[in-house]
Amino acid sequence: MTEQERIQKQRTERAREASTDVSVDATKGDQLKAELDDLLDEIDEVLEENAEEFVRNYVQKGGE
Amino acid sequence: MAIAKVLGIETEYGISGGPDLEPIASSSIIVNAYAHHGRTRINWDFQGETPDLDARGLPGLTSFAPIIETHLANTVLTNGARLYVDHAHPEYSSPECRTPWEATLYDLAGEEVMRRALVIANESLALEDAISLYKNNSDGKGNSYGTHENFLVGREVDFSDIIRAMVPHFVSRQIIVGAGKVGAETDHGLHSDPFFQLSQRAEFFEEVVGLETTLKRPIINTRDEPHSDAERFRRLHVIIGDANLSPYATFVKLGSTALLLAMLEDEGTENFPSPPRHPVHAVRAFSLDPSLRAVEICEDNKWRSAWDIQDQLWTAASEYVRRRGGEAVAPDAEVALILEQWREMLDGVRDDIRTVADRVDWVAKFRVVSGMQERHDLSPHDAKLRAIDLQYHDLSPQRSLARRVGLRTLQSDEEVREALHNPPTSTRAYFRGQCVARYPEQIVAANWDSVVFDLGEGPLQRVPMMDPLRGTAALTEDLLKVCPTADDLLEALDR
């Protein structure tokens with residue numbers, strides 16, 4: 001497991017704990033935060049690695 | 001009495017990759033991949049396409065008329081849709097649908113057509129030449145391409161009333177149906193240097209009313225090309241929408257617009273809110289302000305935010321439905337769902353945007369973009385944030401971010417698969433789609449208002465469909481069933 005994967009895993013686990021371990025309404029905000037953390041983990045995994053090049057190369061002709 | 005709001009969406013998809021990195025060639029690969037693989041490969045017939053006619057009755061002397069390209073890949077699907085290369089994009093034009101729910105379903109079917117085309121095309125391409133498709137409206141560098149809605153409107157409605165009634169909606173609905181954008185890309189947009197905008201398209205609009213779609217884009221497009229009996233019908237061609245990935249956003253975008261058009265037909269402009277005095281300024285300023293606090297001076301000298309305008313429109317539409325019902329738009333339960341969701345989205349973007357992150361595209365995107373900025377402590381101009389914006393719209397299930405943000409579904413996968421192959425039953429798209437499915441060898445061409453047969457002997461025979469509400473399953477299903485060949489069908493139609 002690389003350093004990055006390990007951090008990722010910790011983060012995911014932290015987020016899971018946060019999302020299961022809440023009392024109902026007081027921590028709704030925390031729950032949303034934990035869900036967002038999970039989502040951002042997933043997006044970090046699938047996002048184009050070379051964002052700069054990806055964005056630069058996306059050039060379209062106008063349409064309609 | 002308002003006429004049935006037959007409607008549909010045309011979407012030009014963003015495209016990258018391909019063997020020559022040439023968008024027209026890559027778009028043709030996509031369209032041909034689906035056409036060859038699908039059950040048909042029927043040419044689109046251009047007779048009756050007159051995009052240069054102006055609904056105001058004026059010759060378009062000061063504007064350039066759009067050009068129709070006839071030499072590019074072009075096909076009609078068994079679900080009644082058109083799939084073709086438009087300019088440098090693959091485009092799916094949905095079949096004519098009877099309700100916003102149905103039109104949303106056929107828009108999703110269009111995404112699925114493109115996803116399947118992508119898989120077929122990429123199987124035959126080298127890995128480094130693989131094509132990607134994006135359901136978005138701009139490249140972030142000042143180039144925009146369209147997602148156009150179409151609504152059937154009675155010819156007797158005065159075009160100036162359409163302008164008066166619909167401008168308030170078209171400048172303000174982006175607060176709930178905008179697809180969101182990181183940064184800006186036009187001179188005036190860059191001048192404001194926004195971190196995030198509500199709409200992909202808003203900054204590209206330069207006129208209030210006009211005929212063009214590619215230059216000096218107007219909030220109200222006057223293209224008068226009814227694709228039906230011009231004595232009775234108009235087709236309102238709405239070019240100011242964003243491509244939505246959230247089905248609820250598509251549904252509310254279509255539903256709210258259709259209800260307001262029905263209200264206009266039934267009761268005139270009286271109950272519509274006063275439009276902003278400077279609509280182009282308003283549409284841009286509203287887009288630049290995710291806080292929704294920006295206000296614009298309106299014709300009645302009152303200042304309104306986009307939210308205020310939407311709130312008034314919602315109230316007017318729901319009172320109209322209470323008075324008259326919404327049957328021109330959809331059955332009662334569907335109209336109730338349109339009003340309910342429109343309201344929830346409005347209240348959500350005002351009170352707590354997190355509550356509508358599962359339905360409003362810009363909110364879903366904003367949540368991820370701002371979350372990522374915070375997590376990695378990124379500059380607002382970091383390419384990573386723009387990459388998120390772009391990849392939100394990627395159609396590939398492996399890369400799509402829209403698929404991961406928890407958008408609520410409106411229809412099941414099974415319903416979408418069904419719509420991929422079969423036409424809607426309550427419009428003429430039924431007859432078109434069924435003919436394509438049943439008599440592919442005898443059809444030489446088809447377009448929105450006719451199907452042309454070649455029976456091998458004698459001249460080509462055109463079957464006109466000038467009324468979008470005829471050619472339905474109720475009217476033609478029995479006939480089609482007893483006509484195993486196109487000869488039988490034409491003979492029966494002759495009688």
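The values are calculated or read from the model by the stated rules, or taken from the named source; none is laboratory data. Remember, predicted model here, so these are calculated numbers, not experimental data. No Cβ is skipped: glycine too gets one built from the backbone with ideal geometry, and neighbour counts run over all protein chains shown.
Things to note:
- Cβ-Cβ distances below 7 Å connect the following pairs, each with a first residue in region B:194-222 that is closer than 12 Å to residue B:163 by Cα and touching a residue at least 40 places away in the same chain (Cβ under 8 Å), a second residue that is of a type in the set (Gly, Ala, Ser) and not in a strand (DSSP E or B), and a separation of six or more residues or different chains: B:210/B:63; B:222/B:55.
- Looking only at region A:45-55, and only at residues there that are facing another protein chain (nearest Cβ under 8 Å) and of a type outside the set (Phe, Trp, Tyr), the one that is surrounded by the most Cβ atoms within 10 Å (Cβ to Cβ): A:55
- Selected residue (only one of B:202, B:109 is buried (at least 22 other Cβ atoms within 10 Å of the Cβ), within 19 Å of residue B:386 (Cβ to Cβ), out of contact with any strand residue (DSSP E or B) (no Cβ under 6 Å at 6 or more places or on another chain) and away from every other protein chain (no Cβ under 14 Å)): B:202
- Take the conditions (1) farther than 30 Å from residue B:176 by Cα; (2) part of a loop (DSSP other than H, G, I, E, B); residue B:426 misses just one of them, which is (1).
- Here the condition is being surrounded by fewer than 19 Cβ atoms within 10 Å (Cβ to Cβ) and either facing chain A (nearest Cβ under 10 Å) or basic (Lys, Arg) (or both); of B:375, B:432, B:386, it holds for B:375 alone.
- Hey, residue B:270 within 14 Å of chain A (Cβ to nearest Cβ) and surrounded by fewer than 21 Cβ atoms within 10 Å (Cβ to Cβ) or not: no
- Filter pass, residue B:254 being farther than 30 Å from residue B:388 by Cβ, buried (at least 19 other Cβ atoms within 10 Å of the Cβ), hydrophobic (A, V, I, L, M, F, W, C) and in contact with a Phe, Trp or Tyr (Cβ under 9 Å, 6 or more places away or on another chain): no
- For region B:24-40, the criterion of a residue being assigned to a loop (DSSP other than H, G, I, E, B) and in contact with a helix residue (DSSP H, G or I) (Cβ under 7 Å, 6 or more places away or on another chain) is satisfied by at least one position.
- Counting residues in region B:227-238 that are over 16 Å from the mean Cα position of the chain (by Cα), crowded, with 22+ Cβ neighbours inside 10 Å and not basic (Lys, Arg) gives one or more.
- Selection of region B:82-124 for residues being assigned to a loop (DSSP other than H, G, I, E, B), at pLDDT 95 or above and not basic (Lys, Arg) yields B:94, B:95, B:96, B:99.
- On the stretch given as region B:464-495, residues that are among the hydroxyl-bearing types (Ser, Thr, Tyr) and within 27 Å of the chain's Cα centre (by Cα) total 1.
- The numbered conditions (1) part of a loop (DSSP other than H, G, I, E, B); (2) surrounded by 21 or more Cβ atoms within 10 Å (Cβ to Cβ); (3) modelled with pLDDT under 95 are all true for residue B:405 except (3).
- Looking only at residues of region B:454-476 that are out of contact with any Ser or Thr (no Cβ under 8 Å at 6 or more places or on another chain) and assigned to a helix (DSSP H, G or I), we find that the one that is surrounded by the most Cβ atoms within 10 Å (Cβ to Cβ) is B:476.
- Condition met for residue B:102 (acidic (Asp, Glu) and farther than 28 Å from residue B:313 by Cβ): no
- Of the residues screened, residue B:451 is one that is free of Cβ contacts under 8 Å to residues at least 24 places away in the same chain, under 26 Å from residue B:4 (Cα atoms) and surrounded by 14 or more Cβ atoms within 10 Å (Cβ to Cβ).
- Within region B:205-225, considering residues that are under 16 Å from the mean Cα position of the chain (by Cα) and away from chain A (no Cβ under 14 Å), the one nearest to residue B:282 (Cα to Cα): B:219
- Subset of region B:149-173 that is in contact with a Ser or Thr (Cβ under 8 Å, 6 or more places away or on another chain) and not in a helix (DSSP H, G or I) - its residue that is nearest to residue B:37 (Cα to Cα): B:149
- Any hit, region B:425-432, residues being touching a Ser or Thr at 6+ places or on another chain (Cβ under 9 Å), at pLDDT 95 or above and among the aromatic types (Phe, Trp, Tyr): yes
- Restricted to region B:392-401, and to residues there that are crowded, with 21+ Cβ neighbours inside 10 Å and in contact with a helix residue (DSSP H, G or I) (Cβ under 8 Å, 6 or more places away or on another chain), the residue that is nearest to the other protein chains (Cβ to nearest Cβ) is B:401.
- Check on residue B:347, charged (D, E, K, R) and either within 14 Å of another protein chain (Cβ to nearest Cβ) or under 21 Å from the mean Cα position of the chain (by Cα) (or both): no
- None of B:416, B:368 is among the β-branched types (Val, Ile, Thr), within 14 Å of chain A (Cβ to nearest Cβ), farther than 30 Å from residue B:229 by Cβ and crowded, with 18+ Cβ neighbours inside 10 Å except B:368.
- Scanning region B:11-23 for residues that are facing chain A (nearest Cβ under 9 Å) and assigned to a strand (DSSP E or B) turns up B:12, B:14, B:15, B:16.
- Flag if residue A:46 is within 16 Å of residue B:393 (Cα to Cα) and either in contact (Cβ under 8 Å) with a residue 60 or more places away in the chain or over 21 Å from the mean Cα position of the chain (by Cα) (or both): no
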